[in-house]
Amino acid sequence: MSQQLLIEYPLKPPAASDNPLARGADGVLRYGNLTPALTELLDLQVHAFSNREAVVEIGGPRLSYRELWHSASRVAGGLQEHGIGYGDRVAIHLPAGARWVQAFLGALLSGAVPVLVPDGLPPAAAQRVIDDSCADFVLRGDLPDGAAFIDDGAALSDLALLCYPSGTAHPRGVELTNENLLSAIRSVVGALDLPTDGLRNLVLLPLAHASGCVDQLLPTFAVGGTVVLVPDTARLAPESFAAERIDMVSATPRLFARLLPDLARRSGDLQTGGVSRVCNASHRAERAAAAPTDLADALREMFPAARQWSVWGATETSGIGLAVDSETAADPRSVLGFPFGGTELALYGPRAGSGHGELLCRGPNVTRRYWRDPNATAARFTGTWFHTGDQVTIDPDGLVRRD
């Protein structure tokens, strides 16, 4: 351990007029004007954009902000009638779609902590996640229904969400507080320059992961946009882009690589000229999987008017941490991006002094610990720094590249 170096790349807090970040007593940059809880932010947006479409499930329900909030509050009321309240864990074990969103928001509004059960897990693995979370209630069939109820008494430091990274042999819950979620939302909205004039985001990322829920669903709601969902991405109809007036599409590299050939073959029916933003978002496991070298070119050809972003993160960083646009990243397979929001970086290892080592992150979006696992917390954190496990190089200008 004595041969290991920890080299920090701290950010200077920007001027308050540009971005209200200030360094706390623990050295972490934090936003200074967040709402006290995620439910309060969403409640404000519901009243500001009540008649706008909030969620569209292709081939399924379409819900305005008012309709979504009312139905979610009835789910919350039904949970309350089952004895669920502040701090209880409610597992969301449903396929992606409008009902998933209603269940997620209903759990939030009840005062409980939603537990995101990753998509596609075998039944036994899903049950291990539910058991590890000590879930007090599981939403997996008909949603509970009761008198409308909203518990908005949470604070920034309160646990707001339990996420479980997929691909791990043993469940390991990542605790995300209201501050983590609200900071991630603020960072994503700023980094991707999300507009407030009616963004329509086709989210192909899994909602049961931080990348889909925290980085796409919630930021889209934060700007009064519409989340468009496809329960079965293999059946994504090309005409949906025009019919739903899609102007942003978000997916993983592997999903884009799988979808683009089919979309290209049916390009005569595809109208993608209105898409102005493409978010190629991935966690560490996604980045490790080889993506076609020409993926960025294929995306540019399919969405010629769109600005492309590649976003890297881990569940422990609320799904976000680094971002880069396609004009900067000549090879998106090796370039991870620049830190954004309040995310700061460090390098750890014997070559850290020369700009090479394990990537460490800290920031207002980074978890403080794992759920009921002090040993894992101690192993993956050095003070406030989270060990990502990625071996990288940091350029003098702050661009992070995979070694």
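Structure summary
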| read-out | value |
| --- | --- |
| Rounded to the nearest 20 debye, dipole of the chain from Cβ charges on Lys, Arg, Asp, Glu | 460 debye |
| Accessible area expressed per residue, the chain, with surrounding protein chains retained (probe 1.4 Å, Å²) | 40 Å² |
| Heavy atoms of ASP88 accessible to a 1.4 Å probe, total area in Å² rounded to 10 | 40 Å² |
| Signed unit charges on C-beta, dipole axis of region 109-239, positive-most listed residue ALA184, GLY120, ALA155 | GLY120 |
| Using a Förster distance of 60 Å, the FRET efficiency for ARG66-LEU6 (Cβ separation, nearest 0.05) | 0.75 |
| Rounded to whole Hz, the Karplus (6.51, -1.76, 1.60) HN-Hα couplings of region 369-381, x for glycine and proline | 5, 8, 5, 6, 9, x, 5, 5, 4, 5, 6, 9, 10 |
| Area of ASP373 that stays accessible when all protein chains are in place (1.4 Å probe, Å², to 10) | 50 Å² |
| Karplus 3J(HN,Hα) series, Hz, for region 391-400 with 6.51 cos²θ - 1.76 cosθ + 1.60 (x for Gly, Pro) | 8, 9, 10, 10, 5, x, 8, x, 6, 9 |
| In nm, spacing of pseudo-spin labels at ALA169 and ASP395 (7 Å Cα→C-beta vector) | 3.8 nm |
| Normalised contact order of the chain, rounded percent, pairs of Cα under 8 Å and 6 or more residues apart | 17 percent |
| Option label - Cα extents along the principal axes in Å computed here, alternatives (i) 56, 41, 37; (ii) 65, 55, 37; (iii) 60, 52, 48 | (iii) |
| Mean separation of Cα contacts under 8 Å (6+ apart) over length of region 98-248, as relative contact order % | 20 percent |
| Exposure ranking of ARG200, ARG23, ARG52 by accessible area [1.4 Å probe, largest first] | ARG23, ARG52, ARG200 |
| Contour excess over end-to-end distance, with Cα ends at ASP325 and LEU159 and 0.36 nm allotted per residue | 56.5 nm |
| Summed side-chain charge close to LEU192 - residues other than LEU192 whose Cβ falls under 10 Å, Lys, Arg +1, Asp, Glu -1 | -1 |
| Other-chain or far-sequence residues with amide H under 5 Å of THR382's (modelled H) | HIS387 |
| For LEU29, residues with placed amide H under 5 Å, excluding near neighbours | GLY24 |
| Sulfur and carbon atoms: percent of accessible area, the chain [1.4 Å] | 50 percent |
| Residues with amide H under 5 Å from that of LEU336, placed H, sequence gap 5 or more | VAL400, ARG401, ARG402 |
| Whole-Hz couplings from phi, Karplus 6.51/-1.76/1.60, listed for region 119-134; x for Gly and Pro | 5, x, 6, x, x, 5, 5, 4, 5, 5, 5, 4, 5, 4, 6, 6 |
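The values are calculated or read from the model by the stated rules, or taken from the named source; none is laboratory data. Bear in mind the structure is a predicted one, so any value in this text is a computation, not a measurement. Cβ: placed from backbone, ideal geometry, glycine included. Neighbour counts: every protein chain shown. Calculation scope for accessible area: heavy atoms of the full protein, side chains included, ligands and nucleic acids excluded. Shrake-Rupley method; radii C 1.70, N 1.55, O 1.52, S 1.80 Å.
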